[in-house]
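Working notes, structure below.
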Amino acid sequence: EKMELLISNVLKYSSANSETIEKEDVNLQTLVKELKKTMYIPKHIKINILNQLPIIHGDKTKYLQLFQNLLSNAIKFCDKDKGIIEIDVTEKNNIYVFSIKDNGIGIEKQYHEKIFKIFHTLQDNINSTGIGLSIVKKIIDFYDGKIWIESEVNKGTTFFFSLK
């Protein structure tokens, strides 16, 4: 199962920066709501969308991978009895800045850059291949965006990313 997951994720990673033929307007609010219905979310974790997510031009599959990977990481590394994940967005000068904040285990400062490298994982977890965040980074780079994190060990992590 681990090998199948690894192969599947490598294929997703290798196609993350490929040009798409069909670009479309993607309603991210609808996309995230659909993800919440299809992803496994344990009962003790709540995902809240704080502000209306925008409609953005691009490849729906890439945006789906982006949000799915960030949300699944937040779920996977939640160690609290009541897990809270908050999705937010602000817009300034035609640039959207998104945030996905959790109250999970957090990430030590020394790993903030390393986590985006392929095959880099901080915990030995059967469901973690070290590819998810590298896919996220590759997609954001594809759209000329930026990604960064703020985190405190045992208090949680916020992933920020910008898209035009």
XL table Lys138/Lys164; Lys37/Lys146; Lys37/Lys137; Cα-Cα > 22 Å flagged, in table order, is Lys37/Lys146; Lys37/Lys137
Per the rule of 0.36 nm per residue minus the C-alpha distance, extending Lys164 to Asn93 adds in nm 24.7 nm
Extension length gain for Trp148 and Asp25 (0.36 nm per residue less Cα distance), in nm, is 41.8 nm
Karplus-derived 3J(HN,Hα) from phi for the range 49-60 (6.51 cos²θ - 1.76 cosθ + 1.60, θ = phi - 60°), whole Hz, x at Gly and Pro, runs 9, 7, 10, 4, 7, x, 8, 10, 8, x, 9, 4
Probe 1.4 Å, all chains present, heavy atoms only: Asp144 accessible area in Å², nearest 10, is 110
Checked against a 32 Å limit on the C-alpha separation, the offending pairs among Lys33/Lys92; Lys23/Lys82; Lys23/Lys43; Lys23/Lys155 are Lys23/Lys82; Lys23/Lys43; Lys23/Lys155
Scalar couplings 3J(HN,Hα) for the range 77-94 by Karplus 6.51 cos²θ - 1.76 cosθ + 1.60 (θ = phi - 60°), nearest whole Hz, x for Gly and Pro, are 9, 8, 10, 9, 5, 10, x, 10, 10, 10, 10, 9, 8, 10, 10, 8, 6, 6
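The values are calculated or read from the model by the stated rules, or taken from the named source; none is laboratory data. A quick note: this is a predicted structure, and the numbers were derived from the prediction, not measured. Ligands, DNA and RNA are stripped out before the accessible areas are found, and what is left, the full protein with its side chains, is counted by its heavy atoms. Shrake-Rupley method; radii C 1.70, N 1.55, O 1.52, S 1.80 Å.
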